[in-house]
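Okay, structure first, notes after.
The values are calculated or read from the model by the stated rules, or taken from the named source; none is laboratory data. Remember, predicted model here, so these are calculated numbers, not experimental data. Heads up, the Cβs are rebuilt from the backbone with ideal geometry, glycines too, and the neighbour counts pull from every protein chain shown. Calculation scope for accessible area: heavy atoms of the full protein, side chains included, ligands and nucleic acids excluded. Shrake-Rupley method; radii C 1.70, N 1.55, O 1.52, S 1.80 Å.
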Amino acid sequence: MPLPSLNIFEKMRGLYTPVTDIRRRVLSAVARMIVQDKLPSYIEHIPYKIINTDTPTYRESVFKERAIVRERVRLAFGMDLKEFGAHGPINDDDVINMITDRKVAKRPIVNVIKVGCERCPEHSYLVTDLCRGCIAHPCTSVCPKNCVSILPSGKSFIDQEKCIRCGKCAQVCPYNAIVYRERPCAAACGVNAIHSDDDGFAEIDPDQCVSCGMCIVSCPFGAIAEKSEIVQVLSALKGPNSVYAEIAPAFVSQFGPLVKPPMLIEALKTLGFKDVREVAYGADVVVVNEAEELIELIEKRENCIENSDEKDDCRSFVGTSCCTAWAMMAEKKFPSTFALNISESFAPMVEIAKQIKKEDPNGSVVFIGPCIAKKEECFIPKVAEFVDFVITFEELSALFQANNIDVTKMVGKDELHDASALGRGFPVAGGVANAVIEQTKAIIGQDHDIPLIAADTLKDCVILLKKLEKGKLDPIPLLVEGMACPYGCVGGPGTLAPLKRAQREVKKYSSSADWKQPKDHL
């Protein structure tokens with residue numbers, strides 16, 4: 001029996017591949033440069049430290065390998081990429097401008113390193129060597145465009161110019177000899193933001209991209225990467241003002257099964273953070289806000305006037321707002337649905353940051369989590385007012401390495417007691433909707449029926465919103481949860497742990513909270 005197939009989001013996750021190795025070595029090398037106060041010119045040594053042989057390991061030449069690493073170094077500093085073909089030394093002035101405790105990264109966050117792109121073919125069907133040249137040739141019988149022919153060898157051949165990619169030939173082949181091939185980054189993109197430029201290189205449409213980062217972890221050539229703020233975070237940690245870490249609830253198990261929360265807290269404080277706060281507290285605040293919106297909708301829904309003109313202005317459901325990429329997608333592709341139905345609540349990241357800034361207006365707040373889209377969210381002025389920097393768990397790991405901090409050797413005494421079990425359950429798909437429903441029922445009564453629907457991955461979220469707009473869901477949901485990443489935040493591109501293990505550990509950690517619901521402590 002063949003193994004069950006994996007979707008594009010699962011194929012390389014949890015595996016330590018050469019792509020993973022290079023990405024993390026670059027981040028660690030850049031972080032070490034800042035920690036050790038190296039001169040700006042040192043930046044040109046990094047590509048030679050990462051690619052330290054005279055013979056190529058991954059590409060056709062070491063020169064190309066180093067050119068790709070150089071672009072990764074630029075992104076690790078938060079710089080813009082050089083245009084394809086314009087690679088060269090990084091000026092000292094560029095480096096000096098990035099070594100600051102101010103926010104300097106600019107859009108776009110997610111970038112294609114074109115010198116590293118292998119120009120993968122776009123979606124098409126291909127006859128493989130598994131073709132036996134059978135007598136039946138069902139592939140020719142079902143093709144609606146007669147683009148499948150038989151070669152002199154007896155094997156099938158598909159004319160790509162005529163093919164409409166219906167897949168019927170692959171469907172009927174008894175040997176499974178016809179396969180569907182697709183550019184991995186495009187397959188992972190749920191908003192169709194990736195296409196080919198005139199030369200066949202992958203290109204990201206900034207008007208469609210929501211910076212979910214799924215293309216980054218799906219490209220087997222490591223040709224897509226995001227800008228980092230590790231240099232600015234390290235600079236802030238060296239500065240005179242306090243720096244606070246707010247850590248997303250998906251952190252559980254990200255640094256290995258032996259690393260418990262107190263150990264991670266101690267490691268963060270050893271790194272230089274004054275305090276560590278639980279983003280799940282912000283999740284609790286969001287639960288309360290969205291439960292209030294849901295209760296208001298329940299009370300008003302029956303009073304909505306049936307007149308079509310007025311009905312269009314009536315809210316039909318409460319859409320969760322904690323996932324940045326989901327909310328951005330809804331705003332871009334379904335603007336009227338977004339304006340009427342997506343909650344106006346800040347994301348949990350912002351709610352806890354607001355509390356920190358109230359206590360210490362001069363302090364810097366660093367969100368640490370699984371998400372790349374949060375970097376995009378910080379371009380929103382109301383968010384940037386509270387959250388200074390965003391780094392992923394992978395980037396945090398690089399900071400630990402640069403400072404020679406072994407998290408597994410930490411003892412740690414401090415525990416996190418900021419949030420409820422429901423707030424800590426946010427990172428797992430369905431956790432947000434479950435929390436809002438539980439909070440709502442606790443207020444209006446457990447016997448109240450509240451239909452809900454949830455989707456994870458942007459592709460499924462788009463399908464869900466299309467069905468909602470066309471009225472194809474029965475019953476019509478009162479609450480809709482959208483998550484851009486597979487399995488929820490635990491499947492974010494900045495994670496370190498295998499998806500299912502992370503999902504399991506978050507659920508276990510949630511059960512250890514001091515409170516069950518936000519209403520128990522807020």
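A few comments on the model shown:
- In this structure, the amide hydrogen of residue 318, modeled 1.01 Å from its nitrogen in the peptide plane, lies closer than 5 angstrom to those of 479, 480, counting only residues at least 5 positions away or on a different chain.
- Spatially close Lys pairs in segment 393-522, defined by Cα atoms under 19 Å apart and a spacing of eight or more places or different chains, total 8.
- Residue 32 - accessible surface, heavy atoms, 1.4 Å probe, Å² rounded to 10: 80 Å²
- Gain on full extension, evaluated as 0.36 nm per residue between residue 63 and residue 406 minus their Cα-Cα distance, stands at 120.1 nm.
- Angstrom value of the Kirkwood radius, inverse mean 1/r, which spans all Cα pairs in the chain: 24.8 Å
- Of the residues 274, 82, the one with the largest accessible area comes first in the ranking 274, 82, computed with a 1.4 Å probe on protein heavy atoms.
- With R₀ fixed at 45 Å, the C-beta to C-beta distance from residue 511 to residue 180 puts the FRET efficiency at about 0.60.
- The mean of 1/r over all pairs of different alpha-carbon atoms in segment 100-173, once inverted, gives a Kirkwood hydrodynamic radius of 15.5 Å.
- With the helix formula -39500 (n - 2.57) applied to DSSP H stretches of n ≥ 4, the chain reaches a computed 222 nm mean residue ellipticity of -11000 deg cm²/dmol.
- Accessible area (Å², 1.4 Å probe, nearest 10) - residue 483: 0 Å²
- For the peptides 440-451, 224-235, the ranking by mean Cβ contacts within 10 Å, running from highest to lowest, is 224-235, 440-451.
- Segment 413-418 - phi-based ³J(HN,Hα) in whole Hz, Karplus 6.51/-1.76/1.60, Gly and Pro as x: 10, 7, 10, 9, 10, 8
- Residues with amide H under 5 Å from that of residue 224, placed H, sequence gap 5 or more: 113
- Estimated distance in nm for a label pair at residue 446 and residue 380, the labels positioned 7 Å out from Cα along Cα-to-Cβ: 3.5 nm
- Remark: relative contact order (the chain) = 18 percent; criterion is Cα-Cα distance under 8 angstrom and separation of 6 or more residues.
- Computed from phi, the 3J(HN,Hα) profile of segment 374-382 under the Karplus parametrisation 6.51, -1.76, 1.60 (θ = phi - 60°) reads 4, 5, 5, 4, 6, 7, 6, x, 5 Hz, with x in place of Gly and Pro.
- Against the empirical 2.2 N^0.38 Å (N residues), segment 314-448 has a Cα radius of gyration ratio of 1.24.
- Rolling a 1.4 angstrom probe over the protein heavy atoms with all chains in place gives the chain an accessible area of 46 Å² per residue.
- Orientation-averaged projected area, Cα convex hull of segment 219-297 (nm²): 9.0 nm²
- Protein accessible area in the chain, 1.4 Å probe - carbon and sulfur %: 51 percent
- Binned Cα-Cα distance frequencies in segment 196-252 - 5 Å width, integer %: 4, 12, 14, 17, 16, 13, 11, 7, 4, 1
- Largest accessible area first, the listed residues 424, 102, 66 line up as 102, 66, 424 when surface is computed with a 1.4 Å probe on the assembled protein chains.
- Cα lying deepest toward the dipole's positive end in the chain, options 166, 105, 271, charges on Cβ: 166
- Taking all protein chains as shown and a probe of 1.4 angstrom, residue 48 keeps an accessible surface of around 120 Å².
- Membrane-span-like helices in the chain, defined purely by DSSP H runs whose alpha carbon atoms cover 18 Å or more axially and whose average Kyte-Doolittle hydropathy reaches -1.0, are 18-35, 62-77, 279-301, 431-444.
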